[in-house]
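The values are calculated or read from the model by the stated rules, or taken from the named source; none is laboratory data. Remember, it's a predicted structure, so these values are computed and weren't measured experimentally. So basically every Cβ, Gly included, is an ideal-geometry build from the backbone, and we count neighbours across all protein chains shown. Accessible surface is based on the protein model in full, side chains and every heavy atom, while ligands, DNA and RNA are left aside. Shrake-Rupley method; radii C 1.70, N 1.55, O 1.52, S 1.80 Å.
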Amino acid sequence: MSTQKIVLISGHYYLSKRKAGFHMLAKAYQERGFEVLFLTAPYSWLFSLKKHHFNDMDIETNHITKINERLKIYVHATPFHIFSLKNKCLNKLTKYLYKVYQIFSLKGAKDFIRNADQIIFESTPGLFLFDQVKKLNPNARYVYRVSDDLELVQAHPSLLIYERTILNRFDLVSTASTYVLNKLRSKTVDANIKLHYHGLDKSLFDQEFHNPYTGSEMNALFIGVANLDYEFLKIASEIRKDIKFHIIGPLEKKITSDNIIYYGEMPFKDTIPFIKFADIALHTIVYYPGAESLSESSLKSIQYSYCQLPIIAPAFLKNTNKKLFIYSSYKNIESALNAALSSNLNVFKIYEPAIYSWMELSQMLDVD
(Lines give C-alpha, C1' and ligand atoms only; values in the text may rest on other atoms or scores of the structure.)
Protein backbone atom coordinates (compact mmCIF):
# COMPACT_ATOMS: atom_id res chain seq x y z
CA MET A 1 0.00 0.00 0.00
CA SER A 2 1.47 3.36 -1.03
CA THR A 3 1.97 6.18 1.47
CA GLN A 4 -0.89 8.67 1.49
CA LYS A 5 0.01 12.20 0.53
CA ILE A 6 -1.57 15.30 2.04
CA VAL A 7 -1.17 19.01 1.23
CA LEU A 8 -1.70 21.61 3.97
CA ILE A 9 -2.17 25.10 2.53
CA SER A 10 -1.59 27.63 5.28
CA GLY A 11 -0.75 31.29 5.75
CA HIS A 12 2.01 30.22 8.13
CA TYR A 13 5.60 29.32 7.27
CA TYR A 14 6.59 25.92 8.57
CA LEU A 15 10.06 26.98 9.77
CA SER A 16 8.79 30.03 11.62
CA LYS A 17 9.36 30.19 15.37
CA ARG A 18 5.67 31.03 15.73
CA LYS A 19 3.77 27.75 15.73
CA ALA A 20 0.08 27.57 14.86
CA GLY A 21 -2.54 24.89 14.45
CA PHE A 22 -1.42 23.83 10.98
CA HIS A 23 2.08 23.14 12.33
CA MET A 24 0.50 20.77 14.83
CA LEU A 25 -1.64 19.13 12.16
CA ALA A 26 1.44 18.62 10.00
CA LYS A 27 3.12 16.84 12.90
CA ALA A 28 0.05 14.70 13.56
CA TYR A 29 -0.24 13.61 9.93
CA GLN A 30 3.44 12.70 9.84
CA GLU A 31 3.02 10.57 12.96
CA ARG A 32 0.10 8.85 11.26
CA GLY A 33 2.34 7.91 8.34
CA PHE A 34 1.28 10.51 5.77
CA GLU A 35 3.72 12.24 3.45
CA VAL A 36 3.04 15.94 4.05
CA LEU A 37 3.56 19.01 1.90
CA PHE A 38 3.23 22.19 3.99
CA LEU A 39 2.47 24.89 1.42
CA THR A 40 2.69 28.52 2.51
CA ALA A 41 0.48 31.04 0.72
CA PRO A 42 0.28 33.92 0.26
CA TYR A 43 3.81 35.29 0.28
CA SER A 44 5.08 38.41 -1.53
CA TRP A 45 7.28 41.47 -1.15
CA LEU A 46 4.26 43.36 0.18
CA PHE A 47 4.90 41.85 3.60
CA SER A 48 8.00 44.04 3.79
CA LEU A 49 5.83 47.17 3.84
CA LYS A 50 4.70 46.45 7.38
CA LYS A 51 6.00 44.64 10.42
CA HIS A 52 5.66 40.92 9.80
CA HIS A 53 7.53 37.93 11.17
CA PHE A 54 8.22 36.78 7.59
CA ASN A 55 10.61 39.73 7.27
CA ASP A 56 13.05 38.27 9.81
CA MET A 57 13.54 35.00 7.96
CA ASP A 58 15.51 33.82 4.97
CA ILE A 59 12.78 32.04 3.02
CA GLU A 60 13.35 29.87 -0.05
CA THR A 61 10.49 30.14 -2.50
CA ASN A 62 8.77 28.34 -5.36
CA HIS A 63 10.46 24.97 -4.99
CA ILE A 64 9.94 22.04 -2.68
CA THR A 65 12.38 21.70 0.23
CA LYS A 66 12.66 18.34 1.98
CA ILE A 67 12.66 18.61 5.78
CA ASN A 68 12.55 14.88 6.53
CA GLU A 69 11.26 11.65 5.00
CA ARG A 70 7.64 12.57 5.69
CA LEU A 71 7.69 16.36 5.38
CA LYS A 72 8.30 18.77 2.53
CA ILE A 73 7.65 22.51 2.46
CA TYR A 74 6.86 24.95 -0.33
CA VAL A 75 6.41 28.74 -0.29
CA HIS A 76 4.21 30.12 -3.08
CA ALA A 77 5.89 33.47 -3.75
CA THR A 78 4.10 35.87 -6.07
CA PRO A 79 4.62 39.50 -7.18
CA PHE A 80 1.78 40.55 -4.88
CA HIS A 81 -0.92 39.05 -2.67
CA ILE A 82 -4.45 40.04 -1.75
CA PHE A 83 -5.19 41.78 1.53
CA SER A 84 -7.65 44.38 2.76
CA LEU A 85 -6.63 47.96 2.05
CA LYS A 86 -8.75 49.18 5.00
CA ASN A 87 -10.69 51.47 2.71
CA LYS A 88 -14.03 50.70 1.04
CA CYS A 89 -13.21 52.54 -2.17
CA LEU A 90 -9.78 50.95 -2.55
CA ASN A 91 -11.16 47.51 -1.78
CA LYS A 92 -13.85 48.03 -4.39
CA LEU A 93 -11.27 49.10 -6.99
CA THR A 94 -9.24 45.95 -6.32
CA LYS A 95 -12.14 43.49 -6.04
CA TYR A 96 -11.09 41.54 -9.15
CA LEU A 97 -7.35 41.60 -8.49
CA TYR A 98 -7.54 38.08 -7.05
CA LYS A 99 -8.09 36.78 -10.58
CA VAL A 100 -4.60 37.98 -11.49
CA TYR A 101 -3.18 36.37 -8.34
CA GLN A 102 -4.76 33.08 -9.40
CA ILE A 103 -2.75 33.08 -12.64
CA PHE A 104 0.59 32.62 -10.86
CA SER A 105 1.57 28.97 -11.17
CA LEU A 106 2.37 26.70 -8.25
CA LYS A 107 5.38 25.58 -10.30
CA GLY A 108 7.46 23.08 -8.34
CA ALA A 109 4.57 21.89 -6.18
CA LYS A 110 2.43 20.67 -9.08
CA ASP A 111 3.57 17.03 -9.10
CA PHE A 112 2.98 16.58 -5.37
CA ILE A 113 -0.44 18.23 -5.61
CA ARG A 114 -1.45 16.04 -8.57
CA ASN A 115 -0.66 12.91 -6.54
CA ALA A 116 -2.14 14.05 -3.23
CA ASP A 117 -4.94 12.07 -1.61
CA GLN A 118 -6.15 14.93 0.55
CA ILE A 119 -5.78 18.72 0.45
CA ILE A 120 -6.60 20.97 3.41
CA PHE A 121 -6.97 24.72 3.02
CA GLU A 122 -6.71 27.12 5.94
CA SER A 123 -8.87 30.26 6.11
CA THR A 124 -6.33 32.67 4.62
CA PRO A 125 -5.91 34.42 1.23
CA GLY A 126 -4.25 31.18 0.11
CA LEU A 127 -7.84 30.04 -0.38
CA PHE A 128 -7.69 31.86 -3.72
CA LEU A 129 -5.57 28.93 -4.95
CA PHE A 130 -8.55 26.56 -4.72
CA ASP A 131 -9.47 26.57 -8.41
CA GLN A 132 -5.87 26.11 -9.53
CA VAL A 133 -5.34 23.23 -7.11
CA LYS A 134 -8.69 21.64 -7.96
CA LYS A 135 -7.76 21.72 -11.65
CA LEU A 136 -4.44 20.01 -10.90
CA ASN A 137 -6.12 17.32 -8.82
CA PRO A 138 -9.90 17.01 -9.20
CA ASN A 139 -9.99 13.63 -7.43
CA ALA A 140 -8.42 14.48 -4.05
CA ARG A 141 -10.49 14.90 -0.91
CA TYR A 142 -10.82 18.62 -0.10
CA VAL A 143 -11.14 20.05 3.41
CA TYR A 144 -11.52 23.68 4.43
CA ARG A 145 -10.31 24.23 7.99
CA VAL A 146 -11.64 27.59 9.19
CA SER A 147 -9.07 28.38 11.86
CA ASP A 148 -10.08 32.06 11.83
CA ASP A 149 -13.20 33.93 10.83
CA LEU A 150 -12.22 35.81 7.65
CA GLU A 151 -14.41 38.75 8.60
CA LEU A 152 -12.84 38.88 12.04
CA VAL A 153 -9.32 39.10 10.60
CA GLN A 154 -10.55 41.75 8.14
CA ALA A 155 -9.83 39.86 4.94
CA HIS A 156 -10.33 41.56 1.60
CA PRO A 157 -14.05 41.55 0.66
CA SER A 158 -13.28 39.59 -2.51
CA LEU A 159 -12.03 36.70 -0.35
CA LEU A 160 -15.28 36.65 1.63
CA ILE A 161 -17.23 36.42 -1.64
CA TYR A 162 -14.91 33.77 -3.05
CA GLU A 163 -15.17 31.71 0.14
CA ARG A 164 -18.96 31.69 -0.13
CA THR A 165 -18.86 30.54 -3.78
CA ILE A 166 -16.64 27.51 -3.10
CA LEU A 167 -17.91 26.29 0.29
CA ASN A 168 -20.03 23.52 -1.18
CA ARG A 169 -17.13 22.26 -3.33
CA PHE A 170 -15.30 20.99 -0.26
CA ASP A 171 -15.92 17.49 1.01
CA LEU A 172 -15.75 18.90 4.54
CA VAL A 173 -15.77 22.38 6.03
CA SER A 174 -14.41 22.29 9.59
CA THR A 175 -14.62 25.26 11.93
CA ALA A 176 -13.37 25.80 15.47
CA SER A 177 -16.19 28.10 16.54
CA THR A 178 -19.96 27.78 16.99
CA TYR A 179 -20.22 31.44 16.02
CA VAL A 180 -18.46 30.82 12.69
CA LEU A 181 -20.33 27.53 12.18
CA ASN A 182 -23.66 29.35 12.25
CA LYS A 183 -22.33 32.13 10.03
CA LEU A 184 -21.11 29.70 7.36
CA ARG A 185 -24.34 27.70 7.46
CA SER A 186 -26.24 30.91 6.76
CA LYS A 187 -24.21 31.31 3.56
CA THR A 188 -25.03 27.91 2.09
CA VAL A 189 -27.24 24.93 2.82
CA ASP A 190 -25.26 22.57 0.64
CA ALA A 191 -21.87 22.51 2.35
CA ASN A 192 -20.91 19.79 4.84
CA ILE A 193 -19.97 22.03 7.77
CA LYS A 194 -18.93 20.61 11.16
CA LEU A 195 -17.65 21.95 14.47
CA HIS A 196 -14.19 20.77 15.52
CA TYR A 197 -12.44 22.70 18.27
CA HIS A 198 -8.70 23.39 18.09
CA GLY A 199 -6.38 20.60 19.14
CA LEU A 200 -3.99 20.58 22.07
CA ASP A 201 -0.64 18.87 22.54
CA LYS A 202 -1.75 17.06 25.68
CA SER A 203 1.49 15.13 26.05
CA LEU A 204 3.38 18.41 26.24
CA PHE A 205 1.01 19.92 28.79
CA ASP A 206 1.12 16.72 30.87
CA GLN A 207 4.89 16.96 31.37
CA GLU A 208 6.38 18.06 34.68
CA PHE A 209 7.31 21.75 34.78
CA HIS A 210 8.99 23.99 37.34
CA ASN A 211 6.78 26.67 38.89
CA PRO A 212 7.92 30.00 37.35
CA TYR A 213 6.14 32.12 39.95
CA THR A 214 7.77 33.39 43.12
CA GLY A 215 6.36 35.14 46.18
CA SER A 216 3.12 34.70 48.08
CA GLU A 217 0.84 36.67 45.74
CA MET A 218 -1.87 35.10 43.60
CA ASN A 219 -0.95 34.99 39.91
CA ALA A 220 -3.19 36.01 37.02
CA LEU A 221 -2.04 35.27 33.47
CA PHE A 222 -2.83 36.78 30.06
CA ILE A 223 -1.33 35.25 26.90
CA GLY A 224 -1.96 36.78 23.49
CA VAL A 225 -0.61 38.82 20.61
CA ALA A 226 -3.21 41.62 20.54
CA ASN A 227 -6.42 43.15 21.89
CA LEU A 228 -5.55 43.09 25.59
CA ASP A 229 -8.09 45.14 27.53
CA TYR A 230 -5.75 47.62 29.19
CA GLU A 231 -8.58 49.28 31.09
CA PHE A 232 -9.34 45.95 32.73
CA LEU A 233 -5.65 45.55 33.57
CA LYS A 234 -5.47 49.04 35.07
CA ILE A 235 -8.54 48.58 37.28
CA ALA A 236 -7.78 45.00 38.31
CA SER A 237 -4.16 45.76 39.25
CA GLU A 238 -5.28 48.71 41.38
CA ILE A 239 -8.06 46.97 43.32
CA ARG A 240 -6.16 43.73 43.92
CA LYS A 241 -2.59 44.49 44.93
CA ASP A 242 -2.36 40.92 46.24
CA ILE A 243 -2.49 39.62 42.66
CA LYS A 244 0.42 39.72 40.23
CA PHE A 245 -0.64 40.15 36.62
CA HIS A 246 1.61 38.36 34.14
CA ILE A 247 1.37 39.42 30.47
CA ILE A 248 2.96 37.18 27.82
CA GLY A 249 3.03 38.29 24.19
CA PRO A 250 4.27 41.12 21.93
CA LEU A 251 2.14 43.66 23.76
CA GLU A 252 2.79 47.30 24.55
CA LYS A 253 3.47 48.20 28.19
CA LYS A 254 0.68 50.76 28.38
CA ILE A 255 -0.12 50.19 32.06
CA THR A 256 2.72 49.92 34.55
CA SER A 257 2.53 48.89 38.19
CA ASP A 258 4.57 46.94 40.71
CA ASN A 259 2.17 44.02 40.32
CA ILE A 260 2.20 43.91 36.49
CA ILE A 261 4.96 41.96 34.71
CA TYR A 262 5.41 42.00 30.93
CA TYR A 263 7.45 39.16 29.42
CA GLY A 264 7.14 39.90 25.73
CA GLU A 265 6.88 37.08 23.22
CA MET A 266 8.34 33.70 24.18
CA PRO A 267 8.49 30.19 22.69
CA PHE A 268 5.24 28.28 23.10
CA LYS A 269 6.67 25.57 25.35
CA ASP A 270 8.03 28.22 27.73
CA THR A 271 4.51 29.56 28.28
CA ILE A 272 3.14 26.23 29.51
CA PRO A 273 4.42 26.39 33.12
CA PHE A 274 2.98 29.90 33.42
CA ILE A 275 -0.42 28.45 32.47
CA LYS A 276 -0.17 25.33 34.64
CA PHE A 277 0.81 27.19 37.82
CA ALA A 278 -1.40 30.28 37.45
CA ASP A 279 -4.28 30.92 39.83
CA ILE A 280 -6.43 32.83 37.33
CA ALA A 281 -6.48 32.92 33.53
CA LEU A 282 -7.33 36.17 31.76
CA HIS A 283 -9.30 36.07 28.52
CA THR A 284 -9.69 39.82 28.87
CA ILE A 285 -9.85 41.22 25.35
CA VAL A 286 -11.47 44.39 24.06
CA TYR A 287 -14.54 44.03 21.88
CA TYR A 288 -14.37 44.29 18.11
CA PRO A 289 -16.82 42.96 15.50
CA GLY A 290 -16.70 39.17 15.42
CA ALA A 291 -14.79 38.79 18.68
CA GLU A 292 -17.65 36.58 19.90
CA SER A 293 -16.05 33.77 17.87
CA LEU A 294 -13.20 33.63 20.41
CA SER A 295 -15.45 32.53 23.27
CA GLU A 296 -15.25 28.77 23.61
CA SER A 297 -12.99 28.11 20.66
CA SER A 298 -9.78 30.08 21.00
CA LEU A 299 -6.69 28.00 21.52
CA LYS A 300 -5.87 30.15 24.52
CA SER A 301 -9.21 29.34 26.14
CA ILE A 302 -8.72 25.63 25.52
CA GLN A 303 -5.23 25.71 27.08
CA TYR A 304 -6.57 27.53 30.14
CA SER A 305 -9.40 25.04 30.50
CA TYR A 306 -7.20 21.98 30.12
CA CYS A 307 -5.13 23.27 33.05
CA GLN A 308 -8.31 23.68 35.14
CA LEU A 309 -8.00 27.44 35.55
CA PRO A 310 -10.86 29.80 36.38
CA ILE A 311 -11.13 32.22 33.46
CA ILE A 312 -11.97 35.93 33.69
CA ALA A 313 -13.64 37.24 30.52
CA PRO A 314 -15.91 40.06 29.31
CA ALA A 315 -19.62 39.31 28.91
CA PHE A 316 -19.51 39.09 25.11
CA LEU A 317 -17.40 35.90 25.48
CA LYS A 318 -19.95 34.21 27.71
CA ASN A 319 -20.47 30.52 26.88
CA THR A 320 -21.23 27.18 28.51
CA ASN A 321 -17.81 26.86 30.15
CA LYS A 322 -18.55 26.58 33.86
CA LYS A 323 -15.15 27.96 34.78
CA LEU A 324 -15.82 31.31 33.11
CA PHE A 325 -16.26 34.34 35.37
CA ILE A 326 -17.53 37.33 33.44
CA TYR A 327 -17.63 41.06 33.95
CA SER A 328 -20.42 42.90 32.15
CA SER A 329 -18.85 46.29 32.89
CA TYR A 330 -15.69 47.56 34.50
CA LYS A 331 -17.66 47.96 37.73
CA ASN A 332 -17.95 44.16 37.92
CA ILE A 333 -14.24 43.41 37.71
CA GLU A 334 -13.68 43.06 41.45
CA SER A 335 -16.60 40.68 41.90
CA ALA A 336 -15.42 38.56 38.94
CA LEU A 337 -11.93 38.36 40.44
CA ASN A 338 -13.29 37.44 43.86
CA ALA A 339 -15.56 34.75 42.44
CA ALA A 340 -12.74 33.23 40.40
CA LEU A 341 -10.35 33.16 43.35
CA SER A 342 -12.91 31.55 45.64
CA SER A 343 -14.15 29.01 43.09
CA ASN A 344 -13.89 25.31 43.79
CA LEU A 345 -12.87 23.90 40.43
CA ASN A 346 -13.21 20.34 41.68
CA VAL A 347 -16.98 20.59 41.24
CA PHE A 348 -16.68 21.60 37.57
CA LYS A 349 -16.44 19.39 34.52
CA ILE A 350 -13.07 19.73 32.78
CA TYR A 351 -14.60 21.65 29.86
CA GLU A 352 -17.98 21.56 28.20
CA PRO A 353 -16.66 21.10 24.64
CA ALA A 354 -14.32 18.14 24.22
CA ILE A 355 -10.62 18.92 24.25
CA TYR A 356 -8.94 17.05 21.41
CA SER A 357 -5.34 16.21 20.80
CA TRP A 358 -4.04 17.31 17.40
CA MET A 359 -3.92 13.64 16.43
CA GLU A 360 -7.62 13.29 17.26
CA LEU A 361 -8.42 16.44 15.30
CA SER A 362 -6.51 15.18 12.24
CA GLN A 363 -8.59 11.98 12.36
CA MET A 364 -11.82 13.99 12.56
CA LEU A 365 -10.81 15.88 9.44
CA ASP A 366 -10.59 12.53 7.61
CA VAL A 367 -14.29 11.82 8.21
CA ASP A 368 -17.13 13.37 6.26
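Worth a mention:
- Test: residue in segment 332-349 that is open to solvent by less than 40 Å² (accessible area, probe 1.4 Å), among the aromatic types (Phe, Trp, Tyr) and at pLDDT below 90: no
- The residues in segment 151-182 that are open to solvent by less than 40 Å² (accessible area, probe 1.4 Å) and either among the basic types (Lys, Arg) or under 20 Å from LEU25 (Cα atoms) (or both) can be counted, and the count is 7.
- Residues within segment 188-220 that are part of a loop (DSSP other than H, G, I, E, B), small (Gly, Ala, Ser) and touching a strand residue (DSSP E or B) at 6+ places or on another chain (Cβ under 8 Å), tallied: 2
- Once segment 274-305 is narrowed to residues that are small (Gly, Ala, Ser) and in contact with an Asp or Glu (Cβ under 7 Å, 6 or more places away or on another chain), the residue that is surrounded by the fewest Cβ atoms within 10 Å (Cβ to Cβ) is GLY290.
- In segment 239-256, the residues that are modelled with pLDDT under 95 reach residues that are of a type in the set (A, V, I, L, M, F, W, C) and open to solvent by 40 Å² or more (accessible area, probe 1.4 Å) with C-beta atoms within less than 6 angstrom, at least six apart or across chains, in these pairs: GLY249/VAL225; PRO250/VAL225.
- Any hit, segment 233-245, residues being under 19 Å from the mean Cα position of the chain (by Cα) and not basic (Lys, Arg): no
- Note on segment 317-331: among residues that are under 19 Å from LYS300 (Cβ atoms) and surrounded by fewer than 15 Cβ atoms within 10 Å (Cβ to Cβ), the one that is modelled with the lowest pLDDT is THR320.
- Every test in (1) closer than 17 Å to PHE130 by Cα; (2) without any contact (Cβ under 8 Å) to a residue 12 or more places away in the chain; (3) open to solvent by less than 60 Å² (accessible area, probe 1.4 Å) is passed by THR65 save one, and that test is (1).
- Residue match in segment 254-273 (condition: open to solvent by 70 Å² or more (accessible area, probe 1.4 Å), farther than 26 Å from ALA28 by Cβ and of a type in the set (A, V, I, L, M, F, W, C)): no
- Residue in segment 183-230 that is nearest to the chain's Cα centre (by Cα), counting only those that are loosely packed, with under 14 Cβ neighbours inside 10 Å and of a type in the set (Gly, Ala, Ser): ALA226
- Answer residue from segment 350-368, given it is in contact with a strand residue (DSSP E or B) (Cβ under 9 Å, 6 or more places away or on another chain) and outside any helix (DSSP H, G or I) and is modelled with the lowest pLDDT among those: PRO353
- Residues in segment 142-169 that are of a type outside the set (A, V, I, L, M), free of Cβ contacts under 8 Å to residues at least 60 places away in the same chain and over 16 Å from PHE22 (Cβ atoms): GLU163, ARG164, THR165, ASN168, ARG169.
- Just one of (1) outside any loop (DSSP other than H, G, I, E, B); (2) in contact (Cβ under 8 Å) with a residue 12 or more places away in the chain; (3) among the charged types (D, E, K, R) fails for ARG185. It is (2).
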